[in-house]
1. If a residue has to be part of a loop (DSSP other than H, G, I, E, B) and under 22 Å from the mean Cα position of the chain (by Cα) to count, how many in region A:174-223 make the cut?
2. For B:His79, only one of the following conditions fails: (1) under 27 Å from B:Pro39 (Cα atoms); (2) within 14 Å of chain A (Cβ to nearest Cβ). What is its number?
3. Inspect region A:147-160 for any residue being within 30 Å of B:Asn78 (Cβ to Cβ) and away from chain B (no Cβ under 13 Å) and give the result as yes or no.
4. Hey, B:Arg67 hits all of (1) surrounded by 20 or more Cβ atoms within 10 Å (Cβ to Cβ); (2) away from chain A (no Cβ under 14 Å); (3) not aromatic (Phe, Trp, Tyr) but one; which does it fall short on?
5. Take the conditions aromatic (Phe, Trp, Tyr), more than 16 Å from DNA strand D (Cβ to nearest atom), within 14 Å of another protein chain (Cβ to nearest Cβ) and over 28 Å from B:Pro167 (Cβ atoms) and apply them to B:Phe112. Does it pass?
6. Mind telling me which of the residues B:Leu120, B:Leu116 ends up being touching a Phe, Trp or Tyr at 6+ places or on another chain (Cβ under 7 Å), over 19 Å from B:Lys12 (Cα atoms), of a type outside the set (Val, Ile, Thr) and surrounded by fewer than 17 Cβ atoms within 10 Å (Cβ to Cβ)?
7. Could you please give the count of residues in region A:19-62 that are surrounded by fewer than 11 Cβ atoms within 10 Å (Cβ to Cβ) and more than 9 Å from DNA strand C (Cβ to nearest atom)?
8. Does any residue of region B:117-124 turn out to be under 17 Å from the mean Cα position of the chain (by Cα) and either free of Cβ contacts under 8 Å to residues at least 40 places away in the same chain or not assigned by TED's automatic domain parsing to the domain that holds B:Tyr172 (or both)?
Protein chains: 2
Amino acid sequence: MDLSPIAEDYLKTIYHLEDENGRPVRTGDISTALDVTSPTVTSMLDSLDERELVDYTPYKGVELTDRGTETVLQLVRNHRLLETFLMEHLDYSWSAVHDEADCLEHYVSDEFTRRLATFLGEPVTDPHGDLIPDSDLKMPEKSPYTALTEYEPGDTVTVEQVPHRDPDVRDYLSRHRIGPGTQLVVDEVSSIDLVTVVPSTTETSVALPTHVARRIGARVVTK
Amino acid sequence: MDLSPIAEDYLKTIYHLEDENGRPVRTGDISTALDVTSPTVTSMLDSLDERELVDYTPYKGVELTDRGTETVLQLVRNHRLLETFLMEHLDYSWSAVHDEADCLEHYVSDEFTRRLATFLGEPVTDPHGDLIPDSDLKMPEKSPYTALTEYEPGDTVTVEQVPHRDPDVRDYLSRHRIGPGTQLVVDEVSSIDLVTVVPSTTETSVALPTHVARRIGARVVTK
DNA sequence: ATCGAGAGTTAGACTAGTCTAACTATATAT
DNA sequence: ATATATAGTTAGACTAGTCTAACTCTCGAT
Ligand SMILES: [Mn+2]
Ligand SMILES: [Mn+2]
Ligand SMILES: [Mn+2]
Ligand SMILES: [Mn+2]
């Protein structure tokens, strides 16, 4: 095979866009996500389709083949194990691990990842509460976290899962002391795309747009 | 700056060739070491000279500038700390760490390396007995190891430093159970470019060409 | 059913790093 | 001192990944 890190990034992007948008992934989605022009995306999609890593229908959209998915799952495993290592042993913050892992995931060998997993004690979730594919690239059982948008005002919850790939979202949450393990009270779930929460550490109200709150996973403490 | 991993590899190669050959580094040396053709080397040397990372005189040779050396020392620090981590925490053998580190050294951030050094306890030598530049990129004091070629027949020594970049040399030593920490008796220092040694673990005589023995560092146990 | 705005593709150009083929400089042997 | 072998450079081509400019398809509004 022998895939370039750049081709790998396109595959990863398609994987995450499929998951996040829940609709066919279009050229423009990828072009926005990777900050390249659309002709660049078109030509890469041609080449990935050629290698049977994606199914690409011009003007319609693209999705990963099984081979493409397998490639991505190995990258996701590398990524999340690296993040775990960085946080647990090198004392990085949850908001700093992603960028480093996003680069290294392309370069560590499968042997490295196997040994790192052993060193870390075969963890099942990463520092952001995301699941780590096992050595056969199967995802472990789905985590039972509930999106923040599903709670009622007054509920007290513990944050278990935070979106962290978008630097703006990540920095906003980090700045307002909302991260994995944060306990907070849901204050208001407004109908104008806003959820307001009060972290117990700061006691200061924080407003979250729905698209962010929807991606924060939490476990109930008291109703 | 923003140097490609490939440009970094040329600089590293020049650094090691300067050290090993003790004469001006020529186009052909680099072309052999990196397994690329000489026109390729010529064009890269033009470009490195342009960026003031090397001093290149066509038809004569090339050497690193201070800026070039600094770049290399950061890579060497990354490399040797990674090797130390792989061996001490991921249970790699001394002969397996190099290839993994040789790739990753280009992608870990300075922040990563700083934190890794702290995690490892600021080590001064790597698993092959080579010195690790400190965070200011100064090399620690020279190790007092003596080349195997300097000993007399009958001397018992402990191996402290092994050449490991050349896969053939590395595999030969590894196969004959000669590595860091190996105790051995010098059997014969022949005038035909051969040193014969007997590792105490195997009791089997091993022949080493001078160019290999010269690069093995050892400490005397008994004379 | 048609049209036009917007999304997507095609065409063609550029860079970094590589190659082969052809040419040139250097150094060694006579 | 000269010839020649060898090392090194120049010229030109190719690929992957990127861009801009020009063209084309699709789909919602009319
Ligand atoms: Mn991440
Ligand atoms: Mn993560
Ligand atoms: Mn090494
Ligand atoms: Mn080493």
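1. Let us first name the residues in region A:174-223 that are part of a loop (DSSP other than H, G, I, E, B), namely A:176-182, A:191-193, A:200-205, A:214-216, A:223.
Those left that are additionally under 22 Å from the mean Cα position of the chain (by Cα): A:176-182, A:193, A:214-216.
Count: 11.
2. (1)
3. Going residue by residue through region A:147-160, those that are within 30 Å of B:Asn78 (Cβ to Cβ) are none.
No, region A:147-160 has no match at all.
4. Single failed check for B:Arg67: (1).
5. Details: aromatic (Phe, Trp, Tyr): yes; more than 16 Å from DNA strand D (Cβ to nearest atom): yes; within 14 Å of another protein chain (Cβ to nearest Cβ): yes; over 28 Å from B:Pro167 (Cβ atoms): no.
No.
6. From the options B:Leu120, B:Leu116, the qualifying one is B:Leu120.
7. Total meeting the criteria: 5.
8. Taking region B:117-124 and keeping what is under 17 Å from the mean Cα position of the chain (by Cα), we get B:123-124.
Next cut, either free of Cβ contacts under 8 Å to residues at least 40 places away in the same chain or not assigned by TED's automatic domain parsing to the domain that holds B:Tyr172 (or both) only: B:123-124.
Yes; the residues of region B:117-124 include at least one that is under 17 Å from the mean Cα position of the chain (by Cα) and either free of Cβ contacts under 8 Å to residues at least 40 places away in the same chain or not assigned by TED's automatic domain parsing to the domain that holds B:Tyr172 (or both).
The values are calculated or read from the model by the stated rules, or taken from the named source; none is laboratory data. What you see is a predicted model; the values in this text were computed from it and never measured. Virtual Cβ from ideal backbone geometry, glycine too; neighbours counted across all protein chains shown.
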